[in-house]
Every structure is written in C-alpha cells, then in structure tokens.
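Written out below as structure tokens is the structure these notes cover.
None of the figures in this text is laboratory data; all of them are computed from the coordinates on show. What you are looking at is a predicted structure, and each value in this text was computed from that prediction instead of being measured. Using ideal geometry, Cβ is built from the backbone for each residue, glycine included, and neighbour counts are taken over all protein chains shown.
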Amino acid sequence: MKSENKLAGLGVLTAISASLCCITPLLAMLAGTSGLASTFAWIEPLRPYLIGLTVFVLAFAWYQKLKPKKQTDCACDSNEKEPFIQTKKFLGIVTVFAVLMLAFPNYSHLFYSKSESTTIVTEQSQIKTTEFKIEGMTCSGCEEHVNQEVNKLRGIIHATVSYENGNASIEFDQTQTSIEEIEKAIEKTGYSVSHKE
C-alpha cells in the first residue's frame, strides 16, 4: 500500500513539474514579483517527458490499486478500515489534480483579467507599431503576463503577444511612451526582449 502512496505522490510531483513553467508567471503576477516569471522556462523542453512520466506513474498506481488481492488462508482480521490516503478515492483525487496541472497551460488565460488600455491619441502621425522579439515565453500564461505589464503603460493602443512566434506587436502613441519603456515593461516580466524596426 505504501508503494501506491509513493506512486501517487510522484504522479502529482511530475504533473506539477510539467506545468511549473506555466504556473510560475501567474504566481509571479499574483505575488507582484514579475521577474520570477521566466525562472522555470527551461522546463518547457522536458514537458512531454514529464507528462509521459506522470501518465505512466498514475497508470501504474491505478493498476496496483485495482489488481486482485492474493487470497491468504490466514485467520487475521481483514475488516480493518484502510487509511484515507490508501483508498481509491484518494488516488482519484490525486489523478484529477494531476490532470488539472497537466492541462493548466490550456486554461491559464482564465486567471488573468483582460487588460485593454484606453489611450487618447493626440496626433495620428505619432502612432507607431513595433514588433518586439521575446525569448522565454512558453504558454498563453506567459503571453497574458507580458500583455498585463505592457498595458500598464500610458500610450499603448493595442498589443498582440504570441508565445508561439516569440514576439509582441505593439501599437503605441510615441508622445506618451517609447520603445525603451515598452522594453523595460517586458523585461520586468523576466523575459529577454529586443525590437525590430
């Protein structure tokens, strides 16, 4: 029974590890320590292996739990109630939690408020669109984190951030903000940035 508990614990640990790169930006934003966001970006290439390990470990734990018990001819009292941590219900809770952690990148955007800036353009000729190359983003949570920081600046008209392309296209009023200020806002999230003209 203890091996099943260890397997369940390992399953949760690998599930959390697989999603750590996507959970960290949300936690960093909530804690107000934006620079922490890209700390676990190095885990992203390992994510498929961690997902596979999680699935294997939990499947093996379920196999151990569901396989028929060997009958013994002992006169021991087997009516003892097993601890909750050794029940199918507990393993089920662990499995659901692991699935939620593995799927986190797919629904992480739900935890970010929509941040659209409202900018009054003083002169149409001062509007500029610049593309920024951003390294280290791994999921939609990273996109939202960058978007939140950029839209805090005055003069941002529209920002489109893409972790898949590793960039952000930002339209802004040059009289209210600058490329340097936008780069600083992006760097504040912990990702490295450069701009293209």
**OP:** Compute the signed sum of charges (Lys and Arg +1, Asp and Glu -1) over the other residues within less than 13 Å, Cβ to Cβ, of K184.
**Re:** -3
Original post:
Ranked highest first by average number of other Cβ atoms within 10 Å, how do 150-159, 94-103 line up?
Top reply: 150-159, 94-103
**OP:** Divide the volume of the convex hull of the Cα atoms of segment 112-196 by its number of residues and quote the answer in cubic angstrom per residue.
**Re:** 76 Å³
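About its Cα centre, what dipole magnitude does segment 112-196 give when the only charges are +1 on Lys and Arg Cβ and -1 on Asp and Glu Cβ, stated in debye to the nearest 20? Could you put the intermediate results ahead of the total?
Values: 8 positive and 14 negative charges, 19 e Å.
I would put it at about 100 debye.
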